[in-house]
1. All but one of (1) open to solvent by 10 Å² or more (accessible area, probe 1.4 Å); (2) at pLDDT 90 or above; (3) among the polar types (S, T, N, Q) hold for B:S86; which doesn't?
2. Could you please let me know if A:I65 is more than 10 Å from chain B (Cβ to nearest Cβ) and either farther than 22 Å from A:N209 by Cα or at pLDDT 70 or above (or both)?
3. Can you give me the number of residues within segment B:264-277 that are farther than 19 Å from B:P10 by Cα and either more than 7 Å from chain A (Cβ to nearest Cβ) or in contact (Cβ under 8 Å) with a residue 24 or more places away in the chain (or both)?
4. Out of (1) buried (at least 19 other Cβ atoms within 10 Å of the Cβ); (2) out of contact with any helix residue (DSSP H, G or I) (no Cβ under 8 Å at 6 or more places or on another chain), what's the single condition that is false for B:V312?
5. Just checking, which of B:S238, B:S272, B:S199, B:S283 is in contact with a Leu (Cβ under 8 Å, 6 or more places away or on another chain) and farther than 24 Å from B:V331 by Cβ?
6. What's the total number of residues in segment A:283-295 that are within 12 Å of another protein chain (Cβ to nearest Cβ) and either aromatic (F, W, Y) or touching a strand residue (DSSP E or B) at 6+ places or on another chain (Cβ under 8 Å) (or both)?
7. Wholly within segment B:200-294, which helices (runs of 4 or more DSSP H) include no fewer than the required count, namely at least 3 residues that are open to solvent by 10 Å² or more (accessible area, probe 1.4 Å) and closer than 17 Å to B:L314 by Cα?
8. Sort out which residues of segment A:125-158 are assigned to a helix (DSSP H, G or I) and out of contact with any His (no Cβ under 9 Å at 6 or more places or on another chain), and write them in order of number.
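The values are calculated or read from the model by the stated rules, or taken from the named source; none is laboratory data. The shown structure was predicted, so the numbers you read here are calculated from the model rather than taken from an experiment. A quick note on method: Cβ atoms are made from the backbone with ideal geometry, for glycine too, and the neighbour counts reach across all protein chains shown. Protein only, heavy atoms only, side chains kept; ligands, DNA and RNA dropped before computing areas. Shrake-Rupley method; radii C 1.70, N 1.55, O 1.52, S 1.80 Å.
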Number of protein chains: 2
Amino acid sequence: MKIEQLKVGPVGYLLLHQLRNEWFNHMIINKETSVFISDNDFEGTFQFAKRLCLDRLPFGIAEIIQNKRISNENLILEHYVERMNSNDIDFEAYFGNEDSLTLKCTIFTTPTNSVPFFHQWQRDRRIWWRKFSASPGRYSVTDIKTETNNTQTVQIRANYPWKSHIVETLALHTGPKYVSEADKFKDGKKTIPSSSIISTIHLNTLFMNTICDAYDESEYKGNKRALLRFHRKLAPYSISFAIASGGVAAIVQELNDLALHLTEQFRTNHLSTLFLPRSSKLSLEAQWRQYDEMGIPYNVVLNERTLKDGLVHLRNRDTTLKEQVHVSELVAYVEQLFKNY
Amino acid sequence: MKIEQLKVGPVGYLLLHQLRNEWFNHMIINKETSVFISDNDFEGTFQFAKRLCLDRLPFGIAEIIQNKRISNENLILEHYVERMNSNDIDFEAYFGNEDSLTLKCTIFTTPTNSVPFFHQWQRDRRIWWRKFSASPGRYSVTDIKTETNNTQTVQIRANYPWKSHIVETLALHTGPKYVSEADKFKDGKKTIPSSSIISTIHLNTLFMNTICDAYDESEYKGNKRALLRFHRKLAPYSISFAIASGGVAAIVQELNDLALHLTEQFRTNHLSTLFLPRSSKLSLEAQWRQYDEMGIPYNVVLNERTLKDGLVHLRNRDTTLKEQVHVSELVAYVEQLFKNY
């Protein structure tokens, strides 16, 4: 059986938000070239950027293009892993789904710089995909394909056991296509046209690839357990809490209050934190299972001893190893863990 | 004459992005209560959150609701200040425009906690508006109005010379409205219904209010100059460069290279930086005028001496005062300036 329609649940939506932001930060904020955002007005943005740059290259235009109206009908995955164990999801169909948003970035350069820039981008973009991956070797760049109209393209592909999926397309346009009155730039005393390098990613593909890339199964007491090894910069939640059950009600209440206090501190530091007040009703294993399925990189374990010596355990999702940290140092320590890529 | 249709230009789009993110961070990430995002499925998200919280209150649901399809036709303001001097924009019409996105956050609490929570939110939300404002005294909370159906509402208003605009509505729902089979929560051994507190903001209103709130005119050599006093956390660009013109071409080139190098460092640290390679073609005053109009809080001034002693001037948009900073300390110093609210 194939499920035809999946939908994005609350945790999936957070992941989408992270992915969109990561793309935005990388493409618009964190570039050598100034990139301007076009909201449905490429031509106007082009003119604006050209004027602001006093007719000099390079500059870029980023677009978030809504291909069709997003409705309840064509969305993806609820509480995503839940159903991933069951083999009835046709992931392939969703990889190719171009119904949602397209993330597109066009850089305009001088014709002289265009080829080196195109090669530089192939390297940069491949590194970007690898950086966030649980299996960086999965990503490869295809050979350059020459299309008509002075256009060259390459694809970045993600290899899965079932198929190799295109996750991004890079194109280089040179020559007559962009030559018009608007396309006259200054280069010293010469007048030159622009060349352009274009990156295209479908948000759906990025979303599905992030989940499939991160999906793993670990053996636990003879059973397989689902686990999402999200890069910590992409994980919908950075950190969660587990409270050891079985204590006296008053102690559990005190641990809950401590967890809530730490949650507020984490959130003040912009760390996306999941705090479930009644999690102590479940066993530690059951709590971890839930958090691993959501792909939360770290879990803070509080138990009766924490109230005496102030020590908590910080459990790593991927290694399942725990390290001791004092509560007073916890927030600064976790902030450090999430600081770099 | 009234302009009926304005559109968001590239800089305005960056502002929209910042506003949306700031709301997201405040409402979803940075809260005591866990807030889940609903993507067009409030009921499903409610069930998901209820299950995850083991039938205990409080929790929240945030929604970004697309009221109508955003098209070229109903957007706002290009390079925004440019036209703000001319009195032909009917800002009022745009304040009330509910065509774009609605940002909505609903917190479900126990009936006992709902009234204190409602009061707490009135304070919190007013502080939020004031925090980002160039004139914090502009914001006030209206008296509580009791509607039918056990609903109370208050409005947060921004006072302008021409009118007092509603920028946010807060509502408290108690009583029978939400009582259904799905609305049974546990409180110790009791079964209770939930009460809810709802904040509603229209993204258009937030956008227009941010611009009008920040808009100012300063006197310069007998002329009025437009200026946007955006809070540094909201400014589309955090920092820009001005290069003193009139130098030898080789020196200007060297200063340009230095500015580009610093731009890359700023961007690596996720500071949104505007670098216009040929800005030295304009006088310093003309460069600042441009950056002030975009509301960029700080400007790095490079001149011939910078190449000898390594000192740059950091110009503050609001005070127009400049302080000397050594290039080697510039990035860390600016990062510090943007760290806190």
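1. Evaluating B:S86 over (1) open to solvent by 10 Å² or more (accessible area, probe 1.4 Å); (2) at pLDDT 90 or above; (3) among the polar types (S, T, N, Q) leaves (2) as the failure.
2. yes
3. Summing the residues that are farther than 19 Å from B:P10 by Cα and either more than 7 Å from chain A (Cβ to nearest Cβ) or in contact (Cβ under 8 Å) with a residue 24 or more places away in the chain (or both) in segment B:264-277 gives 3.
4. (2)
5. The match here is B:S199.
6. The number of residues fulfilling the criteria is 4.
7. In segment B:200-294, the matching helices (runs of 4 or more DSSP H) lie at B:249-268, B:284-293.
8. Selection gives A:R125, A:R126, A:I127, A:W129, A:R130, A:P136, A:G137, A:R138.
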